[in-house]
1. So what's the angle, to the nearest 10 degrees on a 0 to 90 scale, between helix 159-168 and the longest Cα principal axis of the chain?
2. Order these peptides, 229-236, 253-260, by their mean beta-carbon neighbour count within 10 angstrom, highest first.
3. Given the DSSP H assignment, sum -39500 (n - 2.57) over each helix run of at least 4 residues in the chain and divide by its residue total; what's the result at 222 nm in deg cm²/dmol, nearest 500?
4. Determine, for 289, 83, the number of other Cβ atoms within 10 Å of each Cβ, and report the residues in order from fewest to most.
5. Convex hull volume of the Cα atoms in region 6-95, per residue, in Å³?
6. Can you work out the base-10 log of I(q)/I(0) for region 92-214 at q = 0.10, 0.13, 0.21 1/Å, using the Debye formula on its C-alpha atoms alone?
7. Calculate how many DSSP beta bridges within the chain are antiparallel, expressed in % of all such bridges and rounded to the nearest 5.
8. Counting other beta carbons within 10 Å of each Cβ, put 152, 47 in order, fewest first.
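Quick note: the coordinates plus some simple rules give every number you see, no bench work behind them. Quick caveat, the model's predicted, so the values are computed rather than measured. Cβ placement follows ideal geometry from the backbone for every residue including glycine, while neighbour counts extend to all protein chains displayed.
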Amino acid sequence: MEKPFILHMLTTAKNLSPFDVNMAVDAGWVSAIPYTNIEASEVQGLVQDVIFSRSAKNLKRTSIFIGGRDTKQAMDMLRIAKHAMIPPFQVSIFADPSGAFTTAAAMVAAVEHELKQKFNTTLEGKNILALAGTGPVGQAAAVIAAKAGANVRIIGRQLDKAQHIADVCNCEFGEGKITILAGADVDKAEYIKTTDVVFATGAAGIELLSAELIASAQQLKVAADVNAVPPAGIAGIDAMSNGTPITDSISGAVGIGALAIGNVKYQTQNLLLKQMINCEKPLYLHFEHAFEVAREYIKSTQKSS
Ligand SMILES: NC(=O)c1ccc[n+]([C@@H]2O[C@H](COP(=O)([O-])OP(=O)(O)OC[C@H]3O[C@@H](n4cnc5c(N)ncnc54)[C@H](OP(=O)(O)O)[C@@H]3O)[C@@H](O)[C@H]2O)c1
């Protein structure tokens with residue numbers, strides 16, 4: 001008899017995200033088992049408990065998901081889990097802390113698509129402001145965009161916190177090959193004058209960019225907002241906006257709202273969860289794979305429309 005599909009879902013938090021549980025089961029994982037309050041030091045033992053209880057054939061029906069809130073911790077746990085495998089006893093792993101990797105990937109892929117469609121350009125060399133980019137979604141978006149060649153500045157209310165986050169992004173996720181800068185929120189009126197792209201990645205229900213600041217953004221092309229809770233993170237961008245012109249923009253910028261990004265995020269997470277079900281060799285998935293999948297998903301919707 002074939003064994004059921006089991007996804008072991010690790011989180012450093014008190015609870016596993018119900019969103020991630022629904023996503024896992026809807027993607028075809030029959031059992032989504034939570035392990036909560038997990039510390040990095042416990043990962044090796046848990047992984048080895050997973051891999052030695054099934055034959056190599058049935059390990060293809062077994063994977064690990066890493067949640068939590070902290071992007072660096074999740075990437076560290078992914079590395080530890082990968083190193084704990086003992087071939088041929090190995091399983092796939094997918095890290096998506098706080099949904100941040102798939103949300104950020106969806107946002108950056110949607111922005112890239114609008115840059116191409118409306119401005120016939122790419123992320124390469126674009127000046128990006130990641131407003132409230134100090135949270136998990138902002139960090140991942142900053143790294144993905146910087147790896148695609150953009151000049152990214154993470155903005156936060158406190159410059160030293162934003163600088164610390166930018167340093168973590170550069171060293172931990174960029175392997176020192178990217179240089180994300182930091183800035184203070186009080187200076188955004190100055191930065192916006194030379195900004196091509198805005199990511200609004202703040203906590204829910206907080207406006208980060210006013211209509212007045214949009215009107216002063218002389219070279220703004222695309223502005224994306226992940227916050228679905230009113231008021232919008234960027235004035236004038238509806239949650240459903242998907243490449244919609246922003247009324248107050250003097251540069252013809254377009255907006256992408258939270259629900260448009262949410263749709264790509266949903267599809268991306270679903271496809272990555274399915275990849276682990278269908279793969280022949282173990283996969284180790286994080287924000288870079290999420291970005292590839294989000295790009296492919298957007299491309300596929302263009303072909304079918
Ligand atoms: N559309 C989707 O599919 C989707 C999916 C997942 C998440 N989300 C949304 O994505 C957004 C980002 O998520 P996250 O977990 O990365 O966010 P987060 O960690 O909760 O917050 C991000 C940053 O917002 C800033 N912030 C918090 N309170 C603020 C306030 N009162 N005024 C101004 N700034 C404030 C903080 O930056 P500083 O302290 O450095 O200023 C914080 O680091 C949230 O709105 C979430 O709901 C959307």
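1. The helix 159-168 is inclined about 40 degrees to the chain.
2. Details: 229-236: 19.0, 253-260: 23.5.
Sorting 229-236, 253-260 by mean packing, highest first, produces 253-260, 229-236.
3. On the way: 11 runs with 126 residues, N = 305.
It comes out at -12500 deg cm²/dmol, rounded to the nearest 500.
4. Details: 289 20, 83 11.
Listed from fewest to most nearby Cβ atoms, that is 83, 289.
5. Numbers: hull volume 7.1 nm³, N = 90.
In region 6-95, the Cα hull volume divided by residue count equals 78 Å³.
6. For the requested q values the scattering log ratios are -0.27, -0.47, -1.25.
7. On the way: 4 of 41 bridges.
Expressed as a percentage, antiparallel bridges in the chain total about 10.
8. On the way: 152 29, 47 25.
Going from least to most buried by this count: 47, 152.
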